[in-house]
Amino acid sequence: MSIWQFVKRLTVSAASGASGMVEAVRTVFSGDPELRRRVAFSVAMIALSAKMAKADGIVTQDEVRAFHQIFEIPAVERRNVARLYDLARQDVAGFESYAERMAGLCGSGKANCAMLEDILDGLFHIAKADGLLHEREGRFLHRVAEIFRIEENHYQSILARHANLGEADPWLILGIERGIPFDEVKKRYRTLVAANHPDKLLARGLPEEFIKIATTRIAAINTAYEMIERGLKPA
């Protein structure tokens, strides 16, 4: 069963039950572990992006396009995904319930879980699609990061990949202190590239349909490294 067929089944379950989307999402946490991770990621992205749109109050066409850039959905499945999105947006349960359910994927107390960072990256990609990260979207994303147990300094590195924070951007993106030796910059860069290779993301449960997140992240890391390299590399 493909992830989109699973989403269809989940949509029917959520629409027919009185308990709403949060209860329906529990079906994600049974069965084949690999499929469970892939479906959980997909449901998290759909549900949390719907909740983010509700928090912001406006769904722009840019955000819809960004949503479809991440979700390369077969035409025959788009109606089901749209239904799940609408169900999540209308559900009375708060976004914290969804975020807490997804945080459980990485076990209790685990900080900076890579899969949860993937979800947060996807939400940033959608939020900034209209050219501006709105204040309410920023508060929403920061709260999701807290629930995901993403440490503040790590959150700032993620934020720097998506928002212009001035001259500190490349240093924040690589998660290093300004002015360290170039050899240390290069070492950190190579570590990040290896850790964020698309194959690594697929291995931890990121569906192939979401590989846009991996390529966008690598591009930001490369750009940050090149900016620092121009200023620090010995002549």
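Since every read-out is calculated from the coordinates, none of them should be taken as a lab result. Predicted model only: the values in this text are computed from it and were never measured. We place every Cβ from the backbone using ideal geometry, glycine too, and count neighbours over all the protein chains shown.
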| Extension gain (nm, one decimal) between Ala114 and Asn164, 0.36 nm per residue minus Cα-Cα | 15.7 nm
| remark: Of segment 115-131, those with amide N under 17 Å from the point 7 Å along the Cα→Cβ vector of Ile218 are 118, 122
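Starting with the highest mean, order 44-52, 214-222 by the number of other Cβ atoms within 10 Å, averaged over the residues of each peptide. Present the calculation step by step, with values, prior to reporting the outcome.
Details: 44-52: 24.6, 214-222: 17.3.
The most tightly packed comes first, giving 44-52, 214-222.
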| said: With the cut-off at 22 Å, tell me which of the pairs Lys187/Lys212; Lys128/Lys200; Lys51/Lys128 have Cα atoms farther apart than that. | reply: Lys187/Lys212; Lys128/Lys200
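Can you pull out the trypsin sites (Lys or Arg not before Pro) in segment 112-196 that DSSP calls coil and that have at most 13 other Cβ atoms within 10 Å? All intermediate terms of the calculation are to be shown ahead of the outcome.
Details: sites: Lys128, Arg136, Arg139, Arg143, Arg149, Arg161, Arg178, Lys186, Lys187, Arg188, Arg190; in loops: Arg149, Arg178.
Hits after loop and neighbour filter: Arg178.
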